[in-house]
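The values are calculated or read from the model by the stated rules, or taken from the named source; none is laboratory data. Remember, it's a predicted structure, so these values are computed and weren't measured experimentally. Positions of Cβ are generated from backbone atoms using ideal geometry, with glycine treated the same way; all protein chains shown enter the neighbour counts.
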Amino acid sequence: MTNRDTIACLGAGRMGRGIAVVFAYAGHPVKVVDFKARSAEDFEKLEAEALGEIRGVLTSLAAFGMFDPAKVDAILSRVSIVPESGAQAAFSSAAVIFEGVPEVLDLKREALARASQLAGPSPIIASTTSTILVDDISSAVEHPERFLNAHWLNPAFLVPLVEMSPGKHTDRAVTAKLKALLEGIGKVPVICAARPGYIVPRIQSLAMNEAARMVEEGVASPEDLDKAIKYGFGFRFAVLGMLEFIDWGGGDILYYASRYLTKALDNDRYASPDIVARNMEAGHIGLKTQRGFLDYEGMDVDAYRADRLKAFVAMLRHFDLVKPPVV
C-alpha cells in the first residue's frame, strides 16, 4: 500500500469521523460514506455536521500543539462525505473500507454484504465492532478472505491502539497489509484471536466492575479510588505492560497474592490461572530468572531497569509531581 491510498468509511457516525481524522491527518484521501437513503436536504445537513465535527477535532488538536493551525483546511480538504448514491464509486476506489455502523449484528451483516458487493473483490474490509466476533459477520462479506475486525479505541484520533482480529477465512497477507498501513500512520496495532472482549475491553471490564464493587462495599470513596487508579494502577501500566509488570515484580508474588485474596475475600475471581503456577514450577518467574511471560535471556537487565525507571520519572513530570530534594 502507498502512503496515499484512498480510505473509505462505511457509516458517517462517530467512528467513521474519527477514523477520517486519523487518515486525513496522515495524508490519505478519505471518503466517509453515508449508507442511508436521505433527501438531498437531509444529506446536506449530515455533511455539514460531519465536516463541522471533523474540523472541530482538527482545530482542537492544533490548539493542543500537535500541528500548525494553518494546516487544518488542507487536512480537512482530504475528507469527503459521500451519499448512498456514490457508495459504489467510493468503495471500489478504496484500498481499505472500515465499517462503523451501529453494534447490531443483522445491521452490520446487511451493510457489509451490500458494501462488499459494491466494492468489488479488491479492497480490504474491516469491521470496527467492539462486541461482535469476526466469524459471526464474515459470511456476509463477498470474498471473506479480505475481511477482519479492526477494533479502534475511542477517541480513534488519539488512542494509538488498534486491536486486529482476523477470522478463520482471513488471508494472512491481508492482516499483514492492514497492520503495515496502521503502523505507517502512527497507530499501534496488535493481533488477537477472535474471542469475546478482544484484549483491552476484556481487561478493563474486570477492572471497572471491581472498582464499582469496592465503592459498593465501602472500601473507599469514588474520588479516592480514582486517585489510586490514576496515580498507582494507571501510572505503572502506562510504562510497563501488564505481563511485563508481573515479570518485573515476579510471578511468585502474583501467585501468593492471588491465593491470599481468594481466601480472604472468599471469592474465586481472584484466583490466578494455571499458567502462573506452571511458570513457577518451571522456574520462569520473571526478571530474576531471566524468563517469565517474556524472555530476558541475554538482555542487559540493569540497562532495561534504568530505562523503565526513566520512563516513570517522565510520568511524574507529566503529573507535575517531581519535587526538588530537601537539602
Looking only at residues that are free of Cβ contacts under 8 Å to residues at least 40 places away in the same chain and outside any helix (DSSP H, G or I) in the stretch 68-78, which one is nearest to G27 (Cα to Cα)? S77
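For every residue, the table says whether it meets (1) of a type in the set (A, V, I, L, M, F, W, C); (2) farther than 15 Å from A94 by Cα; (3) part of a strand (DSSP E or B).
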site: A111; (1), (2), (3): yes, yes, no
site: A115; (1), (2), (3): yes, no, no
site: P121; (1), (2), (3): no, no, no
site: A126; (1), (2), (3): yes, no, yes
site: T129; (1), (2), (3): no, yes, no
site: S139; (1), (2), (3): no, yes, no
site: E142; (1), (2), (3): no, yes, no
site: E145; (1), (2), (3): no, yes, no
Of all residues being more than 25 Å from E142 (Cβ to Cβ) and in a loop (DSSP other than H, G, I, E, B) in the stretch 161-191, which is nearest to the chain's Cα centre (by Cα)? Just the residue, please. K187
How many residues are under 30 Å from F67 (Cα atoms) and of a type in the set (D, E, K, R) if we restrict to the stretch 110-168? 1
Being touching a strand residue (DSSP E or B) at 6+ places or on another chain (Cβ under 6 Å) and under 30 Å from R213 (Cα atoms) narrows G234, G292, G250 down to just G250
Members of the stretch 79-109 found to be surrounded by 16 or more Cβ atoms within 10 Å (Cβ to Cβ), assigned to a helix (DSSP H, G or I), of a type in the set (A, V, I, L, M) and touching a helix residue (DSSP H, G or I) at 6+ places or on another chain (Cβ under 7 Å), listed by number: A87
Exclusive hit being outside the structural domain of I137 (by TED's automatic domain parsing) and among the hydrophobic types (A, V, I, L, M, F, W, C), set F237, F157: F237
What do you reckon, is D252 over 30 Å from the mean Cα position of the chain (by Cα) and in a loop (DSSP other than H, G, I, E, B)? no
Would you please name the residue that is surrounded by the fewest Cβ atoms within 10 Å (Cβ to Cβ), looking only at residues in the stretch 25-54 that are in contact with a strand residue (DSSP E or B) (Cβ under 8 Å, 6 or more places away or on another chain) and of a type in the set (D, E, K, R)? E47
Considering (1) loosely packed, with under 12 Cβ neighbours inside 10 Å; (2) closer than 28 Å to V188 by Cβ, say which one P222 fails and leave the rest. (2)
Matching residues in the stretch 143-161 (over 18 Å from A173 (Cβ atoms) and not aliphatic (A, V, I, L, M)) number 6
